[in-house]
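The values are calculated or read from the model by the stated rules, or taken from the named source; none is laboratory data. Because the structure is a prediction, the values reported are computed rather than measured. Heads up, the Cβs are rebuilt from the backbone with ideal geometry, glycines too, and the neighbour counts pull from every protein chain shown. Accessible surface is based on the protein model in full, side chains and every heavy atom, while ligands, DNA and RNA are left aside. Shrake-Rupley method; radii C 1.70, N 1.55, O 1.52, S 1.80 Å.
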Amino acid sequence: MGKEKMEAGDLLVGEENGFGVGATDRRRSSPPRPPSTSSSSSSSLVFLGTGCSSAVPNAMCLIQPSDPVNPCRVCTQSLSVPPQHNPNYRCNTCLLVDYCGSDGEHSYILIDVGKTFREQVLRWFTHHKIPRVDSIILTHEHADAVLGLDDIRSIQPFSPTNDIDPTSIYLTQFAMDSIAIKFPYLVQKKLKEGQEVRRVAQLDWKIIESSCEKPFTASGLHYIKDRSRTIGSSYLRHSLQGRLAQYSLLPASVKRICPKQALLIGMTHEFDHHKDNELLAGWSKREGIPVQLAHDGLRVIIDL
């Protein structure tokens, strides 16, 4: 399976919460089949999830199809095609940065830990030989970004007394306040008198500024908060559904940033990976900017 080596400024990743920076191989339109064979001296991005908050398939399409004669094609595909071979099977949006430093050592930075995190670990960590997570970045406090935090313990060394090095986790104070309510046992610093020791994820909470003007560093990699909240999935969905003016909403947003490659994420079951990528290919050819829907399991070699 071929890979293109890209630079950090070459990709626009778009979803309902904004954009990130990365790269993609424009030739891929389905999940990778063989195990990853990327060079140990290379950095890469692994798309652990590319779906919306409710993920895809939509459960109601399977248990109560609105049209039993002509059921949702994207969702029913999950009944016959395994997730690792089905680009329309989408977990919550999640990205793993495999950063190879100048010394050849790798650091693994996870961006968001949603409701489907455990499934993503079992499927894609094993496939791409991801051995651990060194730090975590949370983009916001919604369920699709944080409800997998309890499962971080499953990828940490085992200690019945929680005597391990904590994983650094970067988030805003607003997100911290929300998580303290959702997961008080993950935030608690000391046990109360008489409280039983329970094995829980060990996390080192690091508050970052909300302003996109103030970057921070996670596991040796500088991170600049997203400022490009210009094309949400709702806008893209209307364009794709109606095929309006040949993706008339894309030029103003993508062309302004002008990436060498653009990957779109955060898709619902209203998007068909192959069908919509064929339409996007036409737009890409006309505009000179390759734009495609990403898929779960996509790994991209990138210079960082």
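For segment 290-304, the set of residues classified as open to solvent by less than 10 Å² (accessible area, probe 1.4 Å) and farther than 21 Å from ARG123 by Cβ consists of VAL291, ILE302, listed by residue number.
Among the residues making up segment 230-279, those that are at pLDDT 90 or above, more than 23 Å from THR116 (Cα to Cα) and surrounded by 15 or more Cβ atoms within 10 Å (Cβ to Cβ) are ASP276, ASN277.
Only one entry in ILE130, ILE109 is closer than 23 Å to ALA180 by Cα and under 16 Å from the mean Cα position of the chain (by Cα), namely ILE109. Of all residues in segment 116-144, those satisfying the criterion of being open to solvent by 60 Å² or more (accessible area, probe 1.4 Å) and part of a loop (DSSP other than H, G, I, E, B) are LYS129, PRO131, ARG132, HIS142. Of all positions in segment 81-96, none carries a residue that is at pLDDT below 95 and over 20 Å from the mean Cα position of the chain (by Cα). Using the structure shown, decide if GLU196 is open to solvent by 60 Å² or more (accessible area, probe 1.4 Å) and either outside any helix (DSSP H, G or I) or modelled with pLDDT under 85 (or both). Criteria met by GLU196. In the set LEU147, LEU79, only one residue is open to solvent by 60 Å² or more (accessible area, probe 1.4 Å) and in contact with a Lys or Arg (Cβ under 7 Å, 6 or more places away or on another chain); that residue is LEU147. Pairs meeting the criteria (first residue in segment 262-275 and under 12 Å from ALA294 (Cα atoms), second residue open to solvent by 20 Å² or more (accessible area, probe 1.4 Å) and outside any strand (DSSP E or B), beta carbons under 6 Å, at least 6 apart or on different chains) are ILE265/THR93; GLY266/GLU16; GLY266/THR93.
In a residue-by-residue description of segment 54-68, the property of being at pLDDT 95 or above, under 20 Å from HIS127 (Cβ atoms) and surrounded by 21 or more Cβ atoms within 10 Å (Cβ to Cβ) applies to at least one position.
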